[in-house]
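Working notes, structure below.
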Amino acid sequence: MPRGTFDVLPENAAQRERVEAEARQLLERAGYRRIETPTFEATELFARGVGSSTDIVRKEMYTFDDGGGRSVTLRPEGTAPVCRAYVEHGMHKLAQPVKLWYLSPFYRREAPQAGRFREFWQVGAEAIGSEDPAVDAELIVLLTELLESLQAREVVLRVGSLGAPATRREYRERLIAHLRSNEDRLAADVRERIDLNPLRAFDSDHAGTQEVMRDAPRLLDHLDDEDREHFARVRELLDDADVAYEVDPTLVRGLDYYTRTVFEFESRALGAQSGVGGGGRYDGLIEQLGGDPTPGCGWAAGVERMLLASGAQPAAPAPVDLFVAYAKDDRRALAFRLATDARRSGLSAQHELAGRSLKGQLKQAQRLGARWTAILGDEGASLKDMETGEQRVVDPDGLVAAVQRGERSL
Ligand code: HAM
């Protein structure tokens, strides 16, 4: 049984650093600034923000008593906390929209499987304070570009619109009526949740349910004029930006706060857990969390899923400029000092730390891919060019400068 948690080993750290670097560059160029919120928050925030009928809140949260009678939860997602921070820090006073991004670990008690973990990382972006459909489109373009820059394979983008809450409520009644009139053909779990979350019926892989859903009313056909116009504008902007997408009239997301635009990026190169990122507009969330009515829109993408989708390979350690070896033990202190000096001068340098024989040290220098090896002996030092095998005597005090000269002349 996999644990659902993992260690990031050194050979995998570089790939993750690359995700961070690409995300930072792309998002900061578009005016997003980094925010980090705490790992745990009051349970109430997620119950209210994410929605008490969602799988996340019903069964996936790590919730515990903080010892003082308060219920806290390891954050299962980042949008509700970022919105809480927006309200708490009075960010409505800043120029709107406030554009924020994060890269953090999240926690969900899901059954672990390939690409699905109980502790996972997300890059997320949230733009709060503007209703402009250009915000939705810009966010979608940014995630498209992030996935492209990471060479994620076989990515498809699906977009939809959930409309305004009132439209959704009306539609919900219509859908519930449809499900009720076909109740005997539905899967048991869908039947049980008709009133709680009828939209999830579109996601069922039960054959009978799928048949019933084929004739179900579609929310996209029931949008009011403003919502239809908003969605049309988002699509126009995506077309202008040459972003390919499919309109998915049954796109539902596992969180309750969405209004209007929703979207999901999937990589067909992945197995069952193919969602690499997704998001949408959440125009009611800030108000629900106690702020003034404030629109918002954002996305989050799973770091591990993006790496799986990009087929990222483990990386070898970066090569070393200088390895300082010593022929005799009484040169150890000098080796230490020279390696330190070299690093202070900006070189990557290591010295012998395992008491190897000189032969063993030279082997170690080779293993590290050292460009130069200094060998400290009775007669001063000799510097070996590890590519040509050439060796020459140098004054230990001039060793760092000699390596720097050598590096420059390459
Ligand atoms: P989400 O769709 O629940 O949305 O998660 C976003 C992404 O996180 C998924 O597409 C997936 O790549 C990754 N992910 C989710 N659960 C797991 C897991 N158990 N293991 C590995 N990766 C996972 C949100 O979280 C929303 N807060 C997105 C958002 C931001 N909407 C508006 N703003």
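The values are calculated or read from the model by the stated rules, or taken from the named source; none is laboratory data. Computed from a prediction, not measured in an experiment: that's the story for all the values here. Backbone-built Cβ (ideal geometry, glycine too); neighbour counts: all protein chains shown. SASA here: full protein model, heavy atoms, side chains in, ligands and nucleic acids out. Shrake-Rupley method; radii C 1.70, N 1.55, O 1.52, S 1.80 Å.
The figures follow:
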item	result
Helix 225-240 axis, angle to the chain major axis (alpha carbon atoms, nearest 10°)	30 degrees
Convex hull (Cα only) mean projected area of segment 128-271, reported in nm² to one decimal	9.5 nm²
Nearest 10 degrees, 0 to 90: helix 358-367 Cα axis against the chain principal axis	30 degrees
Rounded percent of accessible protein surface that carbon and sulfur make up, segment 322-409, 1.4 Å probe	48 percent
Extension reserve of the ARG180-ARG3 stretch, reckoned as 0.36 nm per residue once the Cα distance is removed	59.8 nm
Segment GLU11-ARG58, length gained on full extension (0.36 nm per residue, minus Cα span)	13.2 nm
Packing-based order for 240-248, 222-230, 301-309, 134-142, using average beta carbon neighbours within 10 Å, highest first	301-309, 134-142, 222-230, 240-248
Shape call, segment 207-327: gyration tensor on alpha carbons, a/c limit 1.5	prolate
Average accessible area per residue (Å²) across segment 103-197 - probe 1.4 Å, nucleic acids and ligands excluded	44 Å²
Relative contact order computed over segment 322-409 (Cα-Cα under 8 Å; 6+ residues apart), in percent	30 percent
Net charge dipole size for segment 322-409 [Lys, Arg +1 and Asp, Glu -1 on Cβ; Debye, nearest 20]	320 debye
Relative contact order (%) - the chain, alpha-carbon pairs under 8 angstrom, separation at least six	17 percent
Part-to-part distance (alpha-carbon centres) for segment 245-307 and segment 1-38, which is given in Å	19 Å
Equivalent ellipsoid dimensions for segment 1-61 as semi-axes, Å, which come from the Cα gyration tensor, largest first	29, 21, 10
Hull volume in cubic angstrom per residue (convex hull over the Cα atoms of segment 361-410)	75 Å³
DSSP beta bridges in the chain [antiparallel fraction, %, rounded to 5]	80 percent
Using distinct alpha-carbon pairs, which all enter the 1/r mean, Kirkwood radius of the chain in Å	24.8 Å
√(5λ) per eigenvalue of the Cα gyration tensor, segment 38-111, largest first, Å	24, 14, 11
With Cα atoms, 0 to 90° folded angle of helix 79-88 axis to the chain main axis	90 degrees
Stokes-Einstein D for segment 322-409, Kirkwood Rh over Cα pairs, 4 °C, 1.567 mPa s (µm²/s)	103 µm²/s
Reach of LYS359 by Cα under 16 Å, taken over lysines that are not fewer than 8 positions away in the same chain	LYS328, LYS384
Length-normalised contact order for segment 313-373 - Cα pairs under 8 Å, 6+ apart - percent	49 percent
Tail weight of P(r) past 13 Å, computed on alpha-carbon pairs of segment 279-346, percent	79 percent
Karplus-derived HN-Hα couplings along segment 203-218 (A = 6.51, B = -1.76, C = 1.60, θ = phi - 60°), whole Hz, x at Gly and Pro	8, 5, 9, 7, 4, x, 5, 4, 4, 4, 6, 4, 9, 5, x, 10
